[in-house]
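Laboratory data are not the source of any read-out in this text; all were calculated from the coordinates shown. Given the structure is predicted, the values throughout are model-derived calculations rather than measurements. Quick reminder, even Gly has a Cβ in these numbers, built from the backbone with ideal geometry, and neighbours come from all protein chains shown.
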Amino acid sequence: MKLTMKEIAEQAGVSPATVSRVLNGNADVTQEKREKVMQFVAAESEKKRWIRHRKKHKDHRIALLLLSGTRSDIRNVGSKIINIADQLPENYEFQVCSPRVNAHRLESLFLHGELSGLLLSGHQVEDPFLAFLLEKIPHVWLNSFQLKGQPAVALMGNEFAGKIAAGYLIGHHCRRPAVLSYINNNIGLTDRINGFIAACYLQKVPGHEIALKLPRGNADELPREGKNLESAIRTALDRIPAKEFPDGIFSPEEVLTPFLYRVFMQKKLKKYPRVISCNYTPGYLAGLYPRPASIDLHQETVVKLAIDELINRIEGGVPRPDNIAAVVQPQLIPGEDGL
């Protein structure tokens, strides 16, 4: 049975005009009244009586919401999109939303039954209304994240990836291993760096951070122009005395690795430090010689688990408490000279 705006207004304790504004994505509604409408609609949804009646096998639409900080790593984003499209069930449609999406528009689509849930790529939600909206819309994160005023939630496996990198370099007799680092909001990246340093300490080999000073801007978004990355890496390496120069380097984000190699070439090193990177994006490693080792965080599996969890939430199942999918054990991908 289709509910009228008048019926929704009576049950929610607001005016029909308020219901109309909320359903049509109008921002001119107080949060208190908006929440009353959304709570009532959500309750009706659970009882299978929504604005549009949903049959069990009716098609659903989900969206991948790209938050600030995701646009710079286009290969990684493209891989996520392909994996989502490949793994969605037949009765699910899929669309991509930019970081500039109007959150009130998302609210309207959700309340009209035209949007069933969200997959989130990024590390923070900057729009307060979007943060409020996520409390109502089924969603799952594809990576580590932190919401304002709440504890950080890290994707499992990142710290272990850092430990794998340290073990790989030390296992190849590197005695001055180092990791590239920069100020960021990516909790997962921080975990990789911390895991690397901790593993070096436990094996009684001093591990060092090579701090990159990147241009100001979004703290979790690497500069889109390669010259900025290249310059930051070159400046950081130039500060290191020759006798302390690392013989092994962990690049925790694969987008950094090609620029690291370019700096090696510019410095005309007789022998490159051994390199291992993370996220295993073959496109970034193509043409590098000797090809570095990499750590595969199994993005396909992360996407599959995220989709399974999102569908579970959409269909009324008991949700996981942390809004994130688990990652399987990271895997070492050998470099040019094997293991």
Practice problem: State the answer as a single residue: which of 241, 257, 275 lies farthest towards the positive end of the charge dipole of segment 235-277, with beta carbon charges of +1 for Lys and Arg and -1 for Asp and Glu, about the Cα centre. | Solution: 241
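Tell me the mean residue ellipticity at 222 nm calculated for the chain from its helices only (DSSP H runs of n ≥ 4, each -39500 (n - 2.57), averaged over every residue, nearest 500).
On the way: 12 runs with 136 residues, N = 339.
After summing the helix terms and dividing by the residues of the chain, the value is -12500 deg cm²/dmol.
What does the charge count near residue 176 come to, summing +1 for each Lys or Arg and -1 for each Asp or Glu among other residues with Cβ under 15 Å from its Cβ? Could you put the intermediate results ahead of the total?
Values: positive: 175, 204, 239, 243, 271, 274; negative: 209, 244, 247.
Summing Lys and Arg as +1 and Asp and Glu as -1 gives +3.
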Practice problem: Treating only the Cβ atoms of Lys and Arg (+1) and Asp and Glu (-1) as charged, compute the dipole magnitude of segment 86-151 about its Cα centre; round to the nearest 20 debye. | Solution: 260 debye
Practice problem: Go through 20, 187, 138 and say which Cα lies farthest out towards the positive end of the charge dipole of the chain; charges sit on Cβ, +1 for Lys and Arg, -1 for Asp and Glu. | Solution: 187
Exercise. Over all alpha-carbon pairs in the chain, figure out the percentage whose distance exceeds 38 Å.
Key: 27 percent
Exercise. Let me know the charge dipole size of the chain about its Cα centre in debye, to the nearest 20, where only the beta-carbon of Lys, Arg (+1) and Asp, Glu (-1) is charged.
Key: 480 debye
Quiz prompt | Simple spin-label estimate for residue 315 and residue 333 in nanometres, 7 Å along Cα-Cβ | solution = 3.2 nm
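Using the Kirkwood formula on the Cα atoms of segment 158-297, what hydrodynamic radius do you get, in angstrom to one decimal? Mind dumping the intermediate values first?
On the way: mean 1/r = 0.0671 Å⁻¹.
Taking every pair of different Cα atoms in segment 158-297, averaging 1/r and inverting gives 14.9 Å.
Take the eigenvalues of the Cα gyration tensor for segment 228-339, scale each by 5, and report the square roots as semi-axes in whole Å, largest first. Kindly include the intermediate steps, with their values, before the conclusion.
Values: eigenvalues 278, 44, 27 Å².
Whole-Å semi-axes of the equivalent ellipsoid: 37, 15, 12.
Cross-link list 204/268; 213/271; 6/33; 204/270; 213/267: which exceed 23 angstrom alpha carbon to alpha carbon? Working shown, then result.
On the way: 204/268 31 Å; 213/271 25 Å; 6/33 15 Å; 204/270 28 Å; 213/267 19 Å.
Correct reply: 204/268; 213/271; 204/270.
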